Amino acid sequence: MENINDELSKTYFLTAGECDAQGLMPIWLIAERAIETAIEHANSLSIGYSDLLKFGIGWVLTRLSIEMKRYPKINDTYTVTTWIEGYNRRFSDRCYVITDADGEEIGHIRSMWMAINFATREGADLGEIEKECFPVSARACPVSRPGKVPPMGADDIQRQYTFRFCDLDFNRHVNTIQYIKLILNGWTLDHYDANAIDRFDVTFHHECLFGQTVDIAVRTADNISHCSIILPDSSHPAVSSSIRWRPRL
């Protein structure tokens, strides 16, 4: 791991057990690595979990956009580098680049993190945190901000799912990665054999809890799929996502 103040880089080795059915790094693992490096960078800047806990606040990932030119293969070494693009009293924009063993850029990520008050589960104010803890990098990120996912109707509902113990994290709500896996399980193996994900966007609107049953709604037009995870007693999605597909070579 290398930390040069406003950036942090961490190198990984892709094992067979981490690969998807195509022998490549899956989107959910890319998201997991993004979260890991963000946590380590925040910790090194004194704005991590333990640092913010004394203010009764913490970070929640609200948006994530991933664009991949190509995916690491089994036994590949790859590096994830993260930096803060900007911040305000409520949010922090964080970006990433993924490079292969030769230093070639093979993917980019854009994310937004929100500070929440643990007691109220509402937005918190970062005004008490020293500005020096948020070193903004001049490095550019080529990933644009995600667009809105269109509202889904009853005809778009594909299946239902009830959240279980292994879907939860230590906050006792559904883990970020479990939402992403739930979305990606909406397509067949044949579809993934023929198509790769060119861009993946996900926005987290509301947390889900153990025992809740959700509707998973999907709508596809051309090479774009929209997906929403919806609580049956709500007209608004808990999670919304867009996927841009490209033919697999």
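A simple rule links phi to the HN-Hα coupling: the Karplus curve 6.51 cos²θ - 1.76 cosθ + 1.60 with θ = phi - 60°, which for the range 104-115 gives 6, 6, 10, x, 9, 9, 10, 9, 10, 10, 10, 8 Hz, with x for Gly and Pro. Taken one residue at a time, the phi angles of the range 188-193 give Karplus couplings (6.51, -1.76, 1.60, θ = phi - 60°) of 7, 5, 4, 4, 6, 5 Hz. Gly and Pro are set to x.
Any idea how far the Cα center of the range 120-138 sits from the one of the range 200-221, in Å? First find each Cα centre; the distance between them is then 28 Å. 3J(HN,Hα) along the range 87-94: 7, 9, 6, 10, 10, 10, 8, 10 Hz, from the Karplus curve 6.51 cos²θ - 1.76 cosθ + 1.60 with θ = phi - 60°, whole Hz, x for Gly and Pro. Cross-link check: pairs Lys69/Lys181; Lys148/Lys181; Lys10/Lys69; Lys10/Lys148 evaluated at a Cα-Cα cut-off of 24 Å; pairs beyond the cut-off: Lys10/Lys148. Only Lys, Arg, Asp and Glu carry charge here, each on its Cβ (+1 for the first two, -1 for the last two); on that basis the range 148-215 has a dipole of about 240 debye about its Cα centre.
Only loop residues by DSSP count here, and only those with at most 14 other Cβ atoms within 10 Å; note down the GluC sites (Glu not before Pro) in the range 70-116 that meet that.
On the way: sites: Glu85, Glu104, Glu105; in loops: Glu104.
Of the GluC sites (Glu not before Pro), the ones in loops of the range 70-116 whose Cβ has at most 14 other Cβ atoms within 10 Å are Glu104.
Taking all Cα pairs closer than 8 Å and separated by 6 or more residues, the relative contact order of the range 147-249 comes to 34 percent. Considering only Leu45, Thr82, Ile66, and ranking their Cα positions along the charge dipole of the range 44-96 that arises from unit charges at the beta-carbon of Lys, Arg, Asp and Glu, the one farthest toward the positive end is Ile66. Charge dipole of the range 71-156 (Cα centre as origin; +1 on each Lys and Arg Cβ, -1 on each Asp and Glu Cβ, all else neutral): 280 debye, rounded to the nearest 20. Using the alpha carbons alone, the radius of gyration of the range 150-249 stands to its Kirkwood radius in an Rg to Rh ratio of 0.97. Need one word for the chain: rounded, prolate or oblate. Basis is the Cα gyration tensor (sqrt eigenvalues a ≥ b ≥ c); a/c below 1.5 gives rounded, then a/b vs b/c decides. Oblate. Placing pseudo-labels 7 Å out from each Cα toward the beta carbon at Phe165 and Lys181 gives an inter-label distance of 1.5 nm.
Net charge within 9 Å of Ser137 by Cβ-Cβ distance, Lys/Arg positive one each and Asp/Glu negative one each, not counting Ser137 itself?
Details: positive: Arg139; negative: Asp6, Glu7, Glu85.
Once all neighbours under 9 Å are counted, the net charge is -2.
Put Arg219, Arg89 in order of accessible area, highest first, and with a 1.4 Å probe you get Arg89, Arg219.
What does the charge dipole of the chain about its Cα centre add up to, to the nearest 20 debye, if the Cβ of each Lys and Arg holds +1 and the Cβ of each Asp and Glu holds -1?
Values: 25 positive and 34 negative charges, 88 e Å.
The calculation lands at about 420 debye.
Pairs of Cα atoms nearer than 8 Å and 6+ residues apart set the relative contact order; for the chain it is 18 percent. To the nearest 10, the accessible area of Lys131 is 150 Å² with a 1.4 Å probe. In this structure the amide hydrogen of Gln212, modeled in the peptide plane, comes within under 5 Å of the amide hydrogens of Phe163, none closer than 5 places in sequence on its chain.
The values are calculated or read from the model by the stated rules, or taken from the named source; none is laboratory data. Small disclaimer: the values here were computed from a predicted structure and weren't measured. We place every Cβ from the backbone using ideal geometry, glycine too, and count neighbours over all the protein chains shown. Remember, those area values only see protein heavy atoms, side chains included, never the ligands or the DNA or RNA. Shrake-Rupley method; radii C 1.70, N 1.55, O 1.52, S 1.80 Å.
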